[in-house]
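A quick write-up on the structure given underneath.
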Amino acid sequence: MTFLPFKTAAVLGAGIMGTQIAAHLANAGLQVLLMDLPAPEGNKNAVVEGAFKKAKKLSPPILFTPDAGHRIELGNYHEHFARLSQVDWIIEAVVERLDIKQQLMARLEQVVRSDAVISTNTSGLPIAQIAEGRALDFRQRFLGTHFFNPPRYLKLLELIPTEDTDPKVVQLIEWFGRSYLGKGVVVAKDTPNFIANRIGLFSTFLGIHALTDEGYSIEEVDTLTGTLVGRPKSATFRTADLVGLDTLLHVAENIYPAIPHDEQKEMFKLPSLLKTLVKTGSRGAKSGQGFYKKVGKEILSVNPKTFTYELPRQSDLPELETVTPISQLIDRVRALYALPDRAGDFFRKHTIALLSYSACRLPEIADSPVDVDRAMRWGFGWQLGPFELWDAIGFHKILYDMQAVNLQVPEWVSEMAATGEGHFYRSPHGVPSNLLMANAVLGPMGAQSVTQPADELHLPLIKTAKSKVWENPEAALFDMGDGVVLYEFRSKGNTLSTAVVDGLQTVLDLLAQDDRYRGLVIGNNSAHFCGGANLVEMATAAQTGNWQMIADLLVKFQTLLQRVRYFHKPIVAAVQGRALGGGCELVMACPHVVAAAESYIGLVELSVGLIPGATGTTRMAKWASQQAVSGSVQHIQPFLNHVFKTVATATVAGSAYEAITLGFLPANTHIVMNNDQRLYIAKEKVLCLDRAGYRPPVHDSFWVLGQQGRAVLDHMAYTMQQGGFASDYDRFLAGQLAYVMTGGQLTAPARVSEEYLLGLEQEVFLPLLQQKKTQERIVHLLKTKKPLRN
């Protein structure tokens with residue numbers, strides 16, 4: 001079915017969610033009307049203007065670029081309500097009160113177009129009741145659209161149709177949410193808290209009961225429910241503080257009477273600890289204290305008996321030392337589940353309770369286990385959803401342990417066990433990962449296909465031994481089909497290690513020699529594209545004084561990136577997440593890029609005491625020259641100032657759109673809102689370029705400004721130092737950067753080749769690496785993962 005995308009939208013309610021939903025719709029290119037109540041006096045738009053002004057200061061930012069905010073028009077219900085008659089999609093995000101939402105729907109019914117879609121962003125109120133009393137035509141275009149906070153960054157969008165919602169409307173929002181808003185869409189039932197919050201709240205209350213009833217400390221619970229088990233670092237109690245303990249209390253108060261037939265209803269009974277904290281003003285991060293409180297540099301946690309904040313007591317989880325070093329998540333959770341100590345006891349009890357509860361909620365809240373797993377991965381950042389975790393530990397092991405403690409096992413799970421099924425997901429590798437979706441999933445509705453449509457594929461290939469063309473210990477080449485291959489690096493942090501660099505050289509040799517291959521995609525499905533150069537290798541060579549090896553590696557990497565740039569077959573970088581330092585230089589070398597909107601790209605070398613030495617400085621200088629309307633100093637200098645400041649301050653783009661404005665990505669970059677589509681589109685880009693008769697970029701010269709231009713850049717560095725924004729060493733580094741960008745010893749503007757500036761990069765890079773302060777910066781970053789300003 002073909003759908004037309006929305007072009008206009010309105011968001012009613014300029015609270016914390018409404019403003020952010022409006023911002024993300026603007027990110028997607030829509031013209032958005034953001035409305036709220038009129039101010040009681042004076043400027044009627046004062047309420048909405050104040051809310052939006054506050055929202056634009058949020059960190060991380062809600063807009064891809066400041067310009068996206070210009071697509072948002074502000075209004076109020078008194079003066080501008082009639083404008084809703086011109087809008088394609090209206091999203092209600094007002095206060096969580098059923099009566100107010102119903103009154104607003106009654107008013108909307110009189111104004112909106114007959115083909116407009118209307119949705120509510122409620123996080124728990126019954127969807128059908130919100131549209132109660134409205135005409136059938138209105139109810140057919142009405143549904144729940146539950147965005148997760150913050151909407152720009154959290155992938156999950158729960159759609160909650162009512163019995164009256166037209167299935168075509170659900171399909172339209174599902175398609176638009178996935179393709180235009182970059183969402184992972186799950187269709188939920190109209191039940192209390194829908195899918196993710198229902199399961200997530202149960203998991204949170206398991207943690208609270210472990211604190212109040214089982215003798216585990218706040219820190220121990222967060223250790224056992226955080227990154228150790230593939231969940232966010234904020235774990236249980238830090239997440240609760242971020243959400244707000246008053247919000248958590250409100251949700252619990254609403255859900256308890258709404259689930260009379262839930263076998264675990266008493267788990268949602270309000271803990272007195274939570275009531276007391278909220279009553280005394282400890283509402284979480286918003287009030288400065290909740291379960292945690294920061295005092296100076298110390299992080300204190302609340303004593304659940306005295307309600308005083310104390311330094312954390314020593315953890316009593318000694319056997320975790322045997323589990324923590326295990327790198328693979330599935331192996332780690334299996335080992336943790338088998339531990340005989342307190343850590344193992346907690347994880348077993350928490351896990352089987354969570355999995356029993358998740359299974360018992362089907363088909364009440366959703367039709368399939370995959371919907372629950374996706375909701376928890378996309379909404380709560382879990383690496384394994386409940387049923388993926390069940391498969392990872394072992395279907396029959398979990399089932400036996402549930403039965404041993406008399407936890408309820410739903411009939412559909414018992415039927416699976418009786419038929420000999422030993423897992424929920426059917427895939428060649430047992431447990432599906434983010435790279436390999438299972439081709440079927442078992443659930444209360446029987447076996448269901450979860451194959452995704454072509455525009456939602458994670459990869460246009462299943463990575464098997466047959467599709468693997470070549471590999472070394474830290475990189476591999478896969479056949480994507482149709483003559484396109486994918487180069488994927490697997491080094492720690494996806495850094496550009498010697499093995500990765502040598503591997504790319506080998507792959508280019510293979511492409512040059514084999515006419516079967518039409519082009520190359522460089523990418524991966526990790527969270528981040530590339531962490532830059534392998535600083536461990538560089539620091540080791542520096543400490544041993546092996547300067548010639550470093551010089552040779554620099555020349556090798558420069559030569560390789562030039563070969564990538566001007567290769568006779570199309571090469572497309574498929575970028576996502578962070579691409580820093582050398583990773584940014586690799587992306588800039590690729591003449592064509594497909595980038596996830598959430599790509600954070602930057603030349604950050606000055607933060608470790610270096611300059612971009614593998615074509616990055618050269619490309620930025622050339623970009624500045626090419627942006628100018630002529631080769632005159634007055635036309636080039638503003639662009640050169642721009643790139644100089646960007647590199648000298650180690651600026652990282654906050655989105656792919658900003659990366660284009662900073663010069664890190666080409667203007668013709670194909671930006672995808674849904675990261676799942678990135679590699680598929682990159683492959684199609686290669687094929688399109690090949691069919692059109694691919695021609696690499698022209699290898700031409702460009703203008704640099706010589707000593708006159710350098711004087712301007714040196715003054716900029718001096719001003720930053722005098723203003724306290726740069727240290728003496730930062731200023732020195734900026735001077736070295738200016739030296740290269742303006743052509744070294746050139747006294748006047750001149751056209752130069754790329755090779756000329758690459759020689760200057762080499763001239764400056766090695767002496768900088770030999771500087772004591774640079775080595776201190778590198779060592780500090782490796783030890784602390786934080787930059788040193790010395």
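The values are calculated or read from the model by the stated rules, or taken from the named source; none is laboratory data. All values derive from a computational prediction rather than experimental measurement. Quick reminder, even Gly has a Cβ in these numbers, built from the backbone with ideal geometry, and neighbours come from all protein chains shown. For accessibility, only protein heavy atoms count, side chains too; no ligands or nucleic acids. Shrake-Rupley method; radii C 1.70, N 1.55, O 1.52, S 1.80 Å.
Residue 598: open to solvent by 40 Å² or more (accessible area, probe 1.4 Å), within 20 Å of residue 522 (Cβ to Cβ) and acidic (Asp, Glu), yes or no?
Answer is yes for this residue.
Where the second residue is assigned to a loop (DSSP other than H, G, I, E, B) and surrounded by fewer than 18 Cβ atoms within 10 Å (Cβ to Cβ) and the first is aromatic (Phe, Trp, Tyr) and lies in region 141-170, which pairs have Cβ atoms under 8 Å and are six or more apart or on separate chains?
Every condition considered, the pairs that remain are 142/164; 147/154; 148/154; 153/60.
Only one of (1) among the aliphatic types (A, V, I, L, M); (2) in contact (Cβ under 8 Å) with a residue 60 or more places away in the chain; (3) surrounded by 22 or more Cβ atoms within 10 Å (Cβ to Cβ); (4) closer than 28 Å to residue 378 by Cα is not met by residue 118, so which one is it?
So the condition that residue 118 fails would be (2).
Of all residues in region 669-703 being polar (S, T, N, Q) and within 23 Å of residue 582 (Cβ to Cβ), which is most open to solvent (accessible area, probe 1.4 Å)?
675
Can you tell me which residue within region 567-585, out of those that are of a type in the set (A, V, I, L, M) and more than 21 Å from the chain's Cα centre (by Cα), is nearest to residue 655 (Cα to Cα)?
Looking at residues that are of a type in the set (A, V, I, L, M) and more than 21 Å from the chain's Cα centre (by Cα), I get 572.
Residue check, residue 365 against (1) out of contact with any Phe, Trp or Tyr (no Cβ under 9 Å at 6 or more places or on another chain); (2) in a loop (DSSP other than H, G, I, E, B); (3) hydrophobic (A, V, I, L, M, F, W, C), all met but one. Which one?
(1)
In region 379-393, which residues are in contact (Cβ under 8 Å) with a residue 24 or more places away in the chain and in a loop (DSSP other than H, G, I, E, B)?
Here is the first cut: in region 379-393, the residues in contact (Cβ under 8 Å) with a residue 24 or more places away in the chain are 379-384, 386-393.
Within region 379-393, 381, 382, 383, 384 meet the criteria.
Quick test for you: out of 294, 286, pick the one residue that is at pLDDT below 95 and in contact with a strand residue (DSSP E or B) (Cβ under 9 Å, 6 or more places away or on another chain).
Just a single option satisfies the conditions, and that option is 294.
Quick check on residue 22: is it assigned to a helix (DSSP H, G or I) and touching a residue at least 40 places away in the same chain (Cβ under 8 Å)?
Yes, satisfied.
Out of all the residues in region 1-19, which are hydroxyl-bearing (Ser, Thr, Tyr) and out of contact with any helix residue (DSSP H, G or I) (no Cβ under 9 Å at 6 or more places or on another chain)?
The first filter runs over region 1-19 and keeps only residues hydroxyl-bearing (Ser, Thr, Tyr), leaving 2, 8, 19.
Result: 2, single match.
Among the residues that make up region 243-266, is at least one of them among the hydroxyl-bearing types (Ser, Thr, Tyr), touching a residue at least 60 places away in the same chain (Cβ under 8 Å), surrounded by 12 or more Cβ atoms within 10 Å (Cβ to Cβ) and not in a loop (DSSP other than H, G, I, E, B)?
no
Just wondering, is there one or more residues in region 642-656 that are open to solvent by less than 20 Å² (accessible area, probe 1.4 Å), touching a helix residue (DSSP H, G or I) at 6+ places or on another chain (Cβ under 9 Å), part of a loop (DSSP other than H, G, I, E, B) and more than 30 Å from residue 56 (Cα to Cα)?
no
Assuming residue 280 fulfils every condition listed in (1) among the β-branched types (Val, Ile, Thr); (2) open to solvent by 40 Å² or more (accessible area, probe 1.4 Å); (3) out of contact with any Phe, Trp or Tyr (no Cβ under 9 Å at 6 or more places or on another chain) apart from one, which condition is it?
Failed condition: (3).
I want to confirm something. Restricting to region 88-110 and keeping residues that are assigned to a loop (DSSP other than H, G, I, E, B) and over 20 Å from residue 47 (Cβ atoms), which single residue is most open to solvent (accessible area, probe 1.4 Å)?
Within region 88-110, the first condition is being assigned to a loop (DSSP other than H, G, I, E, B), and the residues that meet it are 88, 93-97, 110.
Narrowing the set further to residues that are over 20 Å from residue 47 (Cβ atoms) leaves 88, 110.
Values: 88: 30, 110: 147 Å².
Per the criteria, the residue is 110.
Only residues that are surrounded by fewer than 18 Cβ atoms within 10 Å (Cβ to Cβ) and within 22 Å of residue 5 (Cβ to Cβ): list them for region 32-45, please.
none
Which of the residues spanning region 650-703 are of a type in the set (Asp, Glu) and within 24 Å of the chain's Cα centre (by Cα)?
Matches in region 650-703: 658, 676, 684.
Kindly indicate whether residue 709 is open to solvent by less than 10 Å² (accessible area, probe 1.4 Å) and under 19 Å from residue 565 (Cβ atoms).
No: the conditions fail for residue 709.
Consider residue 213 carefully, then state whether it is open to solvent by 10 Å² or more (accessible area, probe 1.4 Å) and at pLDDT 95 or above.
Working: open to solvent by 10 Å² or more (accessible area, probe 1.4 Å): yes; at pLDDT 95 or above: no.
Here the answer is no, as residue 213 does not meet what is asked.
Can you tell me which of 150, 161 is surrounded by 17 or more Cβ atoms within 10 Å (Cβ to Cβ) and modelled with pLDDT under 95?
Going through 150, 161 in turn, just one is surrounded by 17 or more Cβ atoms within 10 Å (Cβ to Cβ) and modelled with pLDDT under 95: 150.
Quick check on residue 119: is it touching a helix residue (DSSP H, G or I) at 6+ places or on another chain (Cβ under 8 Å) and in a loop (DSSP other than H, G, I, E, B)?
Here the answer is no, as residue 119 does not meet what is asked.
I'd like the full set of residues that are open to solvent by 40 Å² or more (accessible area, probe 1.4 Å) and not basic (Lys, Arg), limited to region 546-575.
546, 547, 548, 549, 552, 553, 555, 559, 566, 568
Take residue 190 and tell me if it is among the charged types (D, E, K, R) and surrounded by fewer than 22 Cβ atoms within 10 Å (Cβ to Cβ).
yes
Considering region 673-693 alone, what residues qualify as being assigned to a helix (DSSP H, G or I), over 16 Å from residue 528 (Cα atoms) and out of contact with any strand residue (DSSP E or B) (no Cβ under 6 Å at 6 or more places or on another chain)?
Correct list: 680, 684, 687, 688, 689, 691.
Quick check on my filter: what residues within region 331-356 are open to solvent by less than 30 Å² (accessible area, probe 1.4 Å) and not in a helix (DSSP H, G or I)?
Selection gives 339, 341.
Against the definition (free of Cβ contacts under 8 Å to residues at least 24 places away in the same chain and open to solvent by 70 Å² or more (accessible area, probe 1.4 Å)), how does residue 129 come out, yes or no? Lay out the reasoning, then the answer.
Values: free of Cβ contacts under 8 Å to residues at least 24 places away in the same chain: no; open to solvent by 70 Å² or more (accessible area, probe 1.4 Å): yes.
Answer is no for this residue.
Would you point out the residue of region 758-790, among those that are charged (D, E, K, R) and under 18 Å from residue 745 (Cβ atoms), that is surrounded by the most Cβ atoms within 10 Å (Cβ to Cβ)?
Initially, region 758-790 is screened for residues charged (D, E, K, R), giving 761, 763, 772-773, 776-777, 783, 785-786, 789.
Filter once more, so that each one left must be under 18 Å from residue 745 (Cβ atoms): 761, 763.
Values: 761: 21, 763: 14.
Among those that are charged (D, E, K, R) and under 18 Å from residue 745 (Cβ atoms), it is 761.
Do you know which residues across region 616-641 are open to solvent by 50 Å² or more (accessible area, probe 1.4 Å) and of a type outside the set (A, V, I, L, M, F, W, C)? If you could, list the steps in order and put the result at the bottom.
First, pick out the residues of region 616-641 that are open to solvent by 50 Å² or more (accessible area, probe 1.4 Å): 626-627, 629, 634-635, 638-639.
Scanning region 616-641 gives 626, 627, 634, 635, 638.
Out of all the residues in region 166-176, is one or more over 25 Å from residue 358 (Cα atoms), polar (S, T, N, Q), touching a Phe, Trp or Tyr at 6+ places or on another chain (Cβ under 9 Å) and not in a helix (DSSP H, G or I)? Give the steps one after another, and end with the answer.
Step one: filter region 166-176 for residues over 25 Å from residue 358 (Cα atoms), giving 166-169, 171-173, 175-176.
Restricting the remaining residues to those that are polar (S, T, N, Q) gives 171.
Subsequent filtering for residues that are touching a Phe, Trp or Tyr at 6+ places or on another chain (Cβ under 9 Å) retains 171.
If we keep only those that are not in a helix (DSSP H, G or I) as well, we get none.
Checking region 166-176: not a single residue is over 25 Å from residue 358 (Cα atoms), polar (S, T, N, Q), touching a Phe, Trp or Tyr at 6+ places or on another chain (Cβ under 9 Å) and not in a helix (DSSP H, G or I).
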